[in-house]
Amino acid sequence: MGAFETFAVQAMHGLVYGMLIFMVASGLTLVLGMAGVLNIAHAALYMLGAYFAYSLTLYLGSFWLGLMISPLLVALVAIFIERFFLRKTYAKGHVPQILLTFGLLYVISEIVRMVWGTSPLRLFEPPILTGDIPFMGKTYPIYRLFIIGFSFLILIGMLLFLMRTRIGIIIRAAVHDADMVGALGINVPIYLFGVYAGGAMLAALAGVIAAPFLTIFSGMGDQILLDCFVVIIVGGFGSLLGAFMASVMVGQLQSFGVLWIPQLALVFEFLLMAVVLAVRPTGLFGEEA
Amino acid sequence: MACVLKLENLWKGFSGLEILCGISLEIQEGERHAIIGPNGAGKTTLFHVITGFYRPSKGKIFLHDRDVTGFSTYKIARLGLSRSFQITSVFPKMTVYENIRNAIVSKLNRRFNWTSLLSQSKEIQRETDRLIDLLRLDGVRNMLAMEMSYGWQRRLEVALTLALDPSLILLDEPTAGVDVKETRTFVQFIKEVTGGKTLVIIEHDMDVVFNLADRITVLNRGQILTTGTLDEIRKNEEVQRAYAGRK
Amino acid sequence: MNSSRAYPIGGIVIAAAFLLLAPKILPAMKVHLATEVLIYALWAVSFNLLFGHGGLLPFGFGAPFGVGAYATALLFRYFAGIPLLPTLALVAMLGFATGITIGSLSVRLKGAYFALITFAFQMFLYAIALKWYNVTQGDDGFGVTRPSLYLPVWGNISMTNIADVYYFTLAIVFLAILATYFFQKTPLGNSIALVRENDVRPSFLGYNVYLIRLTVFSVACLLAALAGGLFVFFNEFVSTAVIDMNVSMIVLLMVIIGGSDHFLGPILGAAFYVLVQDWLSSLTSRWFLIMGAIFIVVVFYLEGGLISLIPSKRSQVGATPERG
């Protein structure tokens, strides 16, 4: 098997991970653009998505049921967090908000450890998606192709929604300038709520489909938080396109980095972030400060 | 007569929208110059560019015959250029004394001094007291900036600008929001404390302009319509047209 | 008239007496706790130099602490017999260098971004500590022996007795905290505070805001590294537990619960954390969760932290001198 095949397979790995990161980061960056809030607790939703799916699959016997129900449960958790915690901090300012969302991520991680234990868990992919198929002269796991395909579907759905529907256009406008949209008489808070809940479900979905691919562990929240953060810095605050490009980049860096320096694939993410910060602090697609 | 500030063909745009289009201007030492123009003409942007807050897309800026284009804001401030803000920007939780002292510490180049206590420095204390007297702030010395009335905060805003003993003073609508009764005394205050210094002031209130300035530049849509003395501007037809219907 | 002394002198005298006599009046277990409180107090004070005084909130403040800890442990391990004071001085300088490195990239950012980028740097260092097993032994960690303390007149003082460890720690922590207190009152300390109060105006007054932020960040890291060094000195052990995510939360907990508006707040918070943790962990293994809950409650309902509950004269940012 030649160099090209190895390269292609690694690139596929990278794409898989990149798409997962994008699913989580998109909700984060949209809410950031619309409300100016960097909701750190969002990372916990990804983790909860995986853990809920684990339990649901265990008790209901079906991965697909877990896939469908988990995001709904997580959305409920997200709404609960917004209603009883986040809302109280809007008036108090940025510092309490940052402290709270970080504290929530922490507390949720602890609760997860309490309920599901500290050992990593394994969620198995459904029988239909198990096994490999031939790809580029090698065999490639069907499930990973499923992740790519599924997340591309989601991506296209998102694009169509944001570009072609009236709601989508309003959301894009609000990300640019929420005050202006509000001044046009549009009830921005409702759209914000929708984006928030939708983003939560997307993050949970990412958690569910990531579960068979990466293991489920209580540090999942921190890990995805870091990746999302790199994506937002590199891609630019509030830019969905930037988040997509950056997610793909980060995914590739992880994949190829693991190949070169197995211990420290993180180095490349860091170098990327450091370079972007030094050269173009607002991110590749961010707006000028 | 020395040229304090020279602007050469300044351009500044954002995402394709040009705010300043080829501004050229010279300010001589001791001149009292007002910049007027309709809203959106680019007056505050001009100040931002002169003070280094924005980088011009084209053109040059000379301060005391020195090319300062692209210099950072703090470098330009240290070269003797100081500005005030249209929206009050002081140190809200510090007292008036502490506010002025902040400027003094910078003026005396003691910003990074970590080997002596601030309260023990006689030089800083003396200089701060001197400025407090000069700027008529002795009565409110110990008040927190945020506890003062709006009018007094505007006074502090201007005082902070002057505490650096700048060679060129830029005031951005200093009387904005100040009620009519206080404006007269405030303008008198500005006149006295900036006496003999080079002053450039952005203003909407023409009474203030006539009181403080001897030369006026009219800005419209990022370009200089005309520059001249009070009388010349009053009679200028283009100026009247630009202001027409804007009462 | 000195309005910056907010607490009655009596309280200070009692506290001083207690601190000096602790090893005589407390059982050994409690002296251990007291030493831990001192170390965490220094760490919390360094955090608050950056946060309360400098206005910069870092989520990655475990980084300099961890760097200080590992540096000290490695120096103790590979240079047996290394003198104690020069080691700590070296570690402090290393902390300062760490601050400059991380800070030069981080202080350009504000708010949540600054918080998270410091967190990212810390996780990066955590990954190194975890994976570089040859050097750090990963999450197993390794033990070290305390070197003795050499002083010019006294000669060698062995540090095997907890009382000796306590007094040494007390001396270093006291001096460091005192230095921090006076540092805040210098012109540089004032520059740092005014940048916190208004981050736009200072540059128009001639202040290089970036450099000032970088400076406070580096000084805070220096002190945190010193605390980390004392931590290893005290525990005679190091592992990734000095630089993992928990550590970020611990220092945050201490300062927020204690109160970030007042200089003594973090010290109170450190005492609270160490003592309550000691008590709670004997009751339940989920004490961290309770701490997290207390943290959230304080964020919502007690913005000034615990120290705001103690009645006192308001401590201002600086004292305005009378005319003279």
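For segment A:56-114, give me the residue count where each residue is of a type in the set (S, T, Y), within 14 Å of chain C (Cβ to nearest Cβ) and not in a helix (DSSP H, G or I). If you could, list the steps in order and put the result at the bottom.
Keep residues of segment A:56-114 that are of a type in the set (S, T, Y), which gives A:57, A:59, A:62, A:70, A:89-90, A:101, A:106, A:109.
From the residues that got through so far, the ones that are within 14 Å of chain C (Cβ to nearest Cβ) too are A:89-90, A:101, A:106, A:109.
Keeping just the survivors that are not in a helix (DSSP H, G or I) gives A:90.
So the count comes out to 1.
Are there any pairs with C-beta distances below 9 angstrom linking a residue in segment A:49-60 that is surrounded by fewer than 16 Cβ atoms within 10 Å (Cβ to Cβ) to a residue that is modelled with pLDDT under 90, with the two at least 6 apart or on different chains, and if so which?
A:L58/A:G66; A:L58/A:L123; A:L60/A:G66
Within segment C:201-216, identify whether any single residue is without any contact (Cβ under 8 Å) to a residue 24 or more places away in the chain, surrounded by 16 or more Cβ atoms within 10 Å (Cβ to Cβ) and farther than 30 Å from B:V90 by Cβ, and answer yes or no.
No: zero hits.
Looking at segment B:89-114, which of its residues are more than 7 Å from chain C (Cβ to nearest Cβ) and surrounded by fewer than 21 Cβ atoms within 10 Å (Cβ to Cβ)?
B:L108, B:N109
Tell me which helices (runs of 4 or more DSSP H) are completely within segment C:18-114 and hold 2 or more residues being within 14 Å of chain A (Cβ to nearest Cβ) and of a type outside the set (S, T, N, Q), or say none if there are none.
Once the helices (runs of 4 or more DSSP H) in segment C:18-114 are filtered for at least 2 residues that are within 14 Å of chain A (Cβ to nearest Cβ) and of a type outside the set (S, T, N, Q), what remains is C:62-78, C:84-106.
Name, by its number, the condition in (1) crowded, with 22+ Cβ neighbours inside 10 Å; (2) in contact (Cβ under 8 Å) with a residue 60 or more places away in the chain that does not hold for C:L253.
(2)
Select, from A:F146, A:F150, A:F161, the only residue that is without any contact (Cβ under 8 Å) to a residue 12 or more places away in the chain and part of a helix (DSSP H, G or I). Let's see the steps before the verdict.
Details: A:F146 fails: without any contact (Cβ under 8 Å) to a residue 12 or more places away in the chain; A:F150 fails: without any contact (Cβ under 8 Å) to a residue 12 or more places away in the chain.
Checking each option against the conditions leaves just A:F161.
Go through B:L137, B:L164, B:L144 for me and flag whichever is under 14 Å from the mean Cα position of the chain (by Cα) and either within 14 Å of chain C (Cβ to nearest Cβ) or surrounded by fewer than 15 Cβ atoms within 10 Å (Cβ to Cβ) (or both).
B:L164
Looking at A:I21, A:I79, which one is crowded, with 23+ Cβ neighbours inside 10 Å and hydrophobic (A, V, I, L, M, F, W, C)?
Just one listed residue meets the conditions, A:I21.
So, in segment A:129-143, of the ones that are touching a residue at least 12 places away in the same chain (Cβ under 8 Å), closer than 23 Å to A:L67 by Cβ and out of contact with any helix residue (DSSP H, G or I) (no Cβ under 6 Å at 6 or more places or on another chain), which residue ends up surrounded by the fewest Cβ atoms within 10 Å (Cβ to Cβ)? Step through it out loud before you land on a result.
Applying the first criterion (touching a residue at least 12 places away in the same chain (Cβ under 8 Å)) to segment A:129-143 yields A:129-130, A:133, A:135-138, A:140, A:142-143.
Imposing the further condition that a residue be closer than 23 Å to A:L67 by Cβ reduces the set to A:129-130, A:133, A:140, A:142-143.
Subset that is out of contact with any helix residue (DSSP H, G or I) (no Cβ under 6 Å at 6 or more places or on another chain): A:130, A:140.
On the way: A:T130: 12, A:Y140: 16.
Restricting to residues being touching a residue at least 12 places away in the same chain (Cβ under 8 Å), closer than 23 Å to A:L67 by Cβ and out of contact with any helix residue (DSSP H, G or I) (no Cβ under 6 Å at 6 or more places or on another chain), the top hit is A:T130.
Kindly check whether there is at least one residue in segment C:187-202 that is in a helix (DSSP H, G or I), within 13 Å of chain A (Cβ to nearest Cβ) and either farther than 20 Å from C:V251 by Cα or in contact with a strand residue (DSSP E or B) (Cβ under 6 Å, 6 or more places away or on another chain) (or both).
yes
Do we have C:F47 as aromatic (F, W, Y) and surrounded by 15 or more Cβ atoms within 10 Å (Cβ to Cβ) here? It would help to see each step written out before you state the result.
Numbers: aromatic (F, W, Y): yes; surrounded by 15 or more Cβ atoms within 10 Å (Cβ to Cβ): yes.
So C:F47 fits the description; yes.
Here is a yes/no grid of residues against (1) of a type in the set (F, W, Y); (2) outside any helix (DSSP H, G or I); (3) modelled with pLDDT of 90 or more:
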| residue | (1), (2), (3) |
| --- | --- |
| A:T6 | no, no, no |
| A:Q10 | no, no, no |
| A:G14 | no, no, no |
| A:Y17 | yes, no, no |
| A:I21 | no, no, yes |
| A:G27 | no, no, no |
| A:L32 | no, no, no |
| A:A44 | no, no, yes |
| A:A50 | no, no, yes |
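Which residue is nearest to B:D231 (Cα to Cα), if the candidates are limited to segment B:190-212 and must be without any contact (Cβ under 8 Å) to a residue 60 or more places away in the chain and hydrophobic (A, V, I, L, M, F, W, C)?
B:F210
For B:D65, all conditions in the list (1) in contact (Cβ under 8 Å) with a residue 40 or more places away in the chain; (2) more than 7 Å from every other protein chain (Cβ to nearest Cβ); (3) buried (at least 19 other Cβ atoms within 10 Å of the Cβ); (4) among the charged types (D, E, K, R) hold save one; what is the number of the exception?
Just one mismatch for B:D65, condition (3).
Let me spell it out: the conditions are (1) away from every other protein chain (no Cβ under 14 Å); (2) under 30 Å from B:Y54 (Cα atoms); (3) acidic (D, E), and C:D140 meets all of them except one. Which number is the exception?
(2)
Out of everything in segment B:147-157 that is free of Cβ contacts under 8 Å to residues at least 60 places away in the same chain and buried (at least 16 other Cβ atoms within 10 Å of the Cβ), what residue ends up being nearest to B:N102 (Cα to Cα)?
Of everything passing the filter in segment B:147-157, B:R155 is nearest to B:N102 (Cα to Cα).
Quick check on segment B:28-44. Is at least one of its residues more than 14 Å from every other protein chain (Cβ to nearest Cβ), of a type in the set (S, T, N, Q) and either surrounded by fewer than 16 Cβ atoms within 10 Å (Cβ to Cβ) or at positive phi (or both)?
Checked against the condition, which is being more than 14 Å from every other protein chain (Cβ to nearest Cβ), of a type in the set (S, T, N, Q) and either surrounded by fewer than 16 Cβ atoms within 10 Å (Cβ to Cβ) or at positive phi (or both), segment B:28-44 yields at least one hit.
Has segment C:168-183 got at least one residue that is hydroxyl-bearing (S, T, Y), more than 14 Å from chain B (Cβ to nearest Cβ) and touching a strand residue (DSSP E or B) at 6+ places or on another chain (Cβ under 8 Å)? Walk me through it before giving the result.
Step one: of segment C:168-183, the residues hydroxyl-bearing (S, T, Y) are C:169, C:180-181.
From what is left, the residues that are more than 14 Å from chain B (Cβ to nearest Cβ) are C:169.
From the residues that got through so far, the ones that are touching a strand residue (DSSP E or B) at 6+ places or on another chain (Cβ under 8 Å) too are none.
No, segment C:168-183 contains no residue that is hydroxyl-bearing (S, T, Y), more than 14 Å from chain B (Cβ to nearest Cβ) and touching a strand residue (DSSP E or B) at 6+ places or on another chain (Cβ under 8 Å).
I want to confirm something. Restricting to segment C:259-299 and keeping residues that are assigned to a helix (DSSP H, G or I) and polar (S, T, N, Q), which single residue is surrounded by the fewest Cβ atoms within 10 Å (Cβ to Cβ)?
Top of the filtered list is C:S281.
Yes or no, residue by residue, for (1) in contact with a helix residue (DSSP H, G or I) (Cβ under 9 Å, 6 or more places away or on another chain); (2) modelled with pLDDT under 90; (3) not aliphatic (A, V, I, L, M):
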| residue | (1), (2), (3) |
| --- | --- |
| C:D140 | yes, yes, yes |
| C:V165 | yes, no, no |
| C:I172 | yes, no, no |
| C:P202 | yes, no, yes |
| C:T215 | yes, no, yes |
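The values are calculated or read from the model by the stated rules, or taken from the named source; none is laboratory data. Predicted, not measured: the structure shown is a model, and the values here were computed from it. Note that we place each Cβ from the backbone using ideal geometry, even for glycine, and neighbour counts take in every protein chain shown.
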